[in-house]
């Protein structure tokens with residue numbers, strides 16, 4: 001940093017920086033000059049103030065949490081509803097790919113009879129190598145078209 005004999009007068013962005021450099025609290029005039037400069041800068045770059053969030057939404061509850069606040073009642077209720085749906089697998093975040101469900105049903109139809117969980121997972125991975133065993137396992141337990149039963153102490157699956 002270069003020092004000049006005549007430092008910038010208060011009420012300029014340079015003076016605001018000088019206050020911060022000397023670990024001083026900027027005066028009101030310098031704060032206003034800095035605010036004006038930043039507003040002008042953001043406007044010239046197309047950066048605008050962050051949108052206000054809507055209360056009574058899951059995003060509103062997330063914003064409250066990010067700010068370290070206790071969510072208001074509408075946001076809390078919206079978050080509770082979202083989480084209830086999320087746990088049931090009904091939100092877009094938790095939906096299993098449709099191809100996975102169809103593939104499991106196809107495997108059970110093709111190989112007929114009943115199969116163990118491990119046999120189904122191995123068959124699906126042979127057909128679709130990119131499938132993850134945990135995803136197949138979760139999808140299998142959520143499918144309405146199949147039922148599980150116990151035979152000789154092991155869980156087996158068959159079509160309804």
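Looking at residue 109 and the list (1) at pLDDT below 85; (2) assigned by TED's automatic domain parsing to the domain that holds residue 152, which single condition is not satisfied?
So the condition that residue 109 fails would be (1).
Which pairs turn up if I take residues in the range 56-83 that are on the phi > 0 side of the Ramachandran plot and look for partners that are loosely packed, with under 15 Cβ neighbours inside 10 Å with beta carbon separation below 7 Å, at least 6 apart in sequence or on another chain?
56/74
Inside the range 112-126, can you point out the residues that are surrounded by 12 or more Cβ atoms within 10 Å (Cβ to Cβ) and either part of a helix (DSSP H, G or I) or at pLDDT 90 or above (or both)?
Listed by number, the residues that qualify are 117, 118, 119, 120, 121, 122, 123, 124, 125.
The values are calculated or read from the model by the stated rules, or taken from the named source; none is laboratory data. The structure displayed is predicted, hence computed values, not measured ones. With ideal geometry, Cβ positions are generated from the backbone for all residues, glycine too; neighbour counts draw on all protein chains shown.
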